[in-house]
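Student: My questions all concern the structure below.
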């Protein structure tokens, strides 16, 4: 049973052409209320572009005690002084990611809709497990739809936090909160919100605080 308030885990757009321009959106989002983490997830970007984005956005997050997480790349997480790394099942094993980043950075693991993958990651020492996708997403093709049952099961039995991901918006998130997700990972649901990222984060936090 969920006994702590759900929190927001922001995921960047897949492409950030001008980090200094996007920085305004990030600041606005963080002005909207509590955010636990921000994951830099740039697809098809070279290391230089990732570093440029990280160096611009990381200080904004860390100055506000928002964990700055690198997607896929433990090596860059260390090089760019990130707070952690998130690895998918197709990236590298948890143990290798942990070896690279060391004991003091967070390592989260994508577990799709698999109880076995989640238990394996938790037993290995992952800081959190991520389940999804729960809804259709414009950010990532849904290859493994997840049901709310896996979040309910996890939150009843395990102490390690779980992150729900995949097409989550202000409009559809209440069942995921009620199921016991510790964090909601949101990309388009914030950056593409009709009233802007600040309003989106504020709306999510209002739902977190009022959900029974």
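The values are calculated or read from the model by the stated rules, or taken from the named source; none is laboratory data. On a predicted model such as this, the values are computed, not experimentally measured, just so you know. Every residue, glycine among them, receives a Cβ derived from its backbone with ideal geometry; neighbour counts consider all protein chains shown.
Student: Please work out which residue is farthest from residue 164 (Cα to Cα), limiting yourself to the stretch 31-41 and to residues that are surrounded by 20 or more Cβ atoms within 10 Å (Cβ to Cβ) and touching a helix residue (DSSP H, G or I) at 6+ places or on another chain (Cβ under 7 Å).
Tutor: 32
Student: Among the numbered criteria (1) assigned to a strand (DSSP E or B); (2) more than 28 Å from residue 80 (Cβ to Cβ), which single criterion is violated by residue 110?
Tutor: The failed condition is (2).
Student: How many residues does the stretch 130-156 contain that are crowded, with 16+ Cβ neighbours inside 10 Å, modelled with pLDDT of 95 or more and over 14 Å from residue 184 (Cβ atoms)?
Tutor: 4
Student: Given (1) assigned to a helix (DSSP H, G or I); (2) out of contact with any helix residue (DSSP H, G or I) (no Cβ under 8 Å at 6 or more places or on another chain), where does residue 103 come up short, assuming only one miss?
Tutor: Failed condition: (1).
Student: Next question, about the same structure. Output the residue which, of all residues in the stretch 78-106 that are surrounded by 21 or more Cβ atoms within 10 Å (Cβ to Cβ), under 14 Å from the mean Cα position of the chain (by Cα) and without any contact (Cβ under 8 Å) to a residue 24 or more places away in the chain, is farthest from residue 38 (Cα to Cα).
Tutor: Applying the filter and picking the extreme gives 87.
Student: Just one of 174, 184, 207 is under 20 Å from residue 147 (Cα atoms) and out of contact with any strand residue (DSSP E or B) (no Cβ under 9 Å at 6 or more places or on another chain); which is it?
Tutor: 174
Student: Which of the residues spanning the stretch 61-73 are over 23 Å from residue 209 (Cβ atoms) and surrounded by 18 or more Cβ atoms within 10 Å (Cβ to Cβ)?
Tutor: Filtering the stretch 61-73 for residues over 23 Å from residue 209 (Cβ atoms) gives 62-63, 68-73.
68, 69, 70, 71, 72, 73 - these are the residues of the stretch 61-73 that are over 23 Å from residue 209 (Cβ atoms) and surrounded by 18 or more Cβ atoms within 10 Å (Cβ to Cβ).
Student: Is one or more of the residues making up the stretch 109-123 closer than 16 Å to residue 8 by Cα and buried (at least 17 other Cβ atoms within 10 Å of the Cβ)? Outline the logic, then answer.
Tutor: So the first thing to find is which residues in the stretch 109-123 are closer than 16 Å to residue 8 by Cα, and the list is none.
There is no residue in the stretch 109-123 that is closer than 16 Å to residue 8 by Cα and buried (at least 17 other Cβ atoms within 10 Å of the Cβ).
Student: Okay, next question. Kindly indicate the residue of the stretch 1-52 that is free of Cβ contacts under 8 Å to residues at least 24 places away in the same chain and within 18 Å of residue 193 (Cα to Cα) and also farthest from the chain's Cα centre (by Cα) among those meeting that condition.
Tutor: 21
Student: Still on this structure, I have one more. Could you check the stretch 173-212 for helices (runs of 4 or more DSSP H) lying wholly inside it with 2 or more residues that are under 14 Å from the mean Cα position of the chain (by Cα) and at pLDDT 95 or above?
Tutor: Qualifying helices (runs of 4 or more DSSP H): 188-191.
Student: Of all the residues that make up the stretch 157-190, how many are crowded, with 20+ Cβ neighbours inside 10 Å and in contact with a helix residue (DSSP H, G or I) (Cβ under 6 Å, 6 or more places away or on another chain)?
Tutor: Residues that pass the stated criteria total 8.
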